[in-house]
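These notes concern the structure reproduced below.
The values are calculated or read from the model by the stated rules, or taken from the named source; none is laboratory data. All figures in this text were calculated on a predicted structure; none of them were measured in a lab. For neighbour counting, all protein chains shown are included, and Cβ atoms are generated from backbone atoms with ideal geometry for every residue, glycine included. Protein only, heavy atoms only, side chains kept; ligands, DNA and RNA dropped before computing areas. Shrake-Rupley method; radii C 1.70, N 1.55, O 1.52, S 1.80 Å.
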Amino acid sequence: MSEQTDFRNFSEFYPYYLEEHSDVTCRRLHFVGSLLVIVVALYAIISAKLAWLLLLPVIGYGFAWVGHFFFEKNRPATFKYPWYSLMGDWVMFRDILIGRIRF
């Protein structure tokens with residue numbers, strides 16, 4: 001798929017997002033990063049150590065960007081489509097959990 005610059009909605013963006021995450025290791029790193037974001041957020045809230053919430057972007061994006069730069073060998077969609085990309089992370093996380101996407 002060629003680099004598209006105009007998406008009218010998330011439904012148009014998501015197939016592009018999945019294509020940019022075709023490497024299974026990249027998808028796994030995204031999944032682990034998203035799972036750790038949930039775990040750390042819950043820990044921060046339950047323990048009332050809210051400073052831990054500052055780590056969420058580092059954890060989430062850190063795992064994802066390692067996947068892109070070292071395995072997928074492309075530029076993360078976050079740089080061009082930050083909101084759609086964030087939505088895509090969580091939709092892909094769900095799709096992996098329910099078995100719609102291979103993990």
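Summary of values
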item: Only one of S47, S22, S11, S34 that is over 25 Å from F103 (Cα atoms) and not hydrophobic (A, V, I, L, M, F, W, C); result: S47
item: Residue count, the range 72-99 (criterion: more than 15 Å from S11 (Cβ to Cβ) and assigned to a loop (DSSP other than H, G, I, E, B)); result: 7
item: Neighbours by Cβ (under 9 Å, 6+ apart or cross-chain): first from the range 69-96, more than 15 Å from L29 (Cα to Cα); second among the hydroxyl-bearing types (S, T, Y) and exposed (fewer than 13 other Cβ atoms within 10 Å of the Cβ); result: K80/T5
item: Pairs with Cβ under 6 Å, 6+ apart, first in the range 36-62 and open to solvent by 90 Å² or more (accessible area, probe 1.4 Å), second of a type in the set (V, I, T); result: W52/V40
item: Count of residues meeting criterion [in contact (Cβ under 8 Å) with a residue 60 or more places away in the chain and of a type in the set (S, T, N, Q)] in the range 12-35; result: 0
item: Test: residue in the range 1-13 that is over 15 Å from the mean Cα position of the chain (by Cα), among the hydrophobic types (A, V, I, L, M, F, W, C), at pLDDT below 95 and open to solvent by 80 Å² or more (accessible area, probe 1.4 Å); result: yes
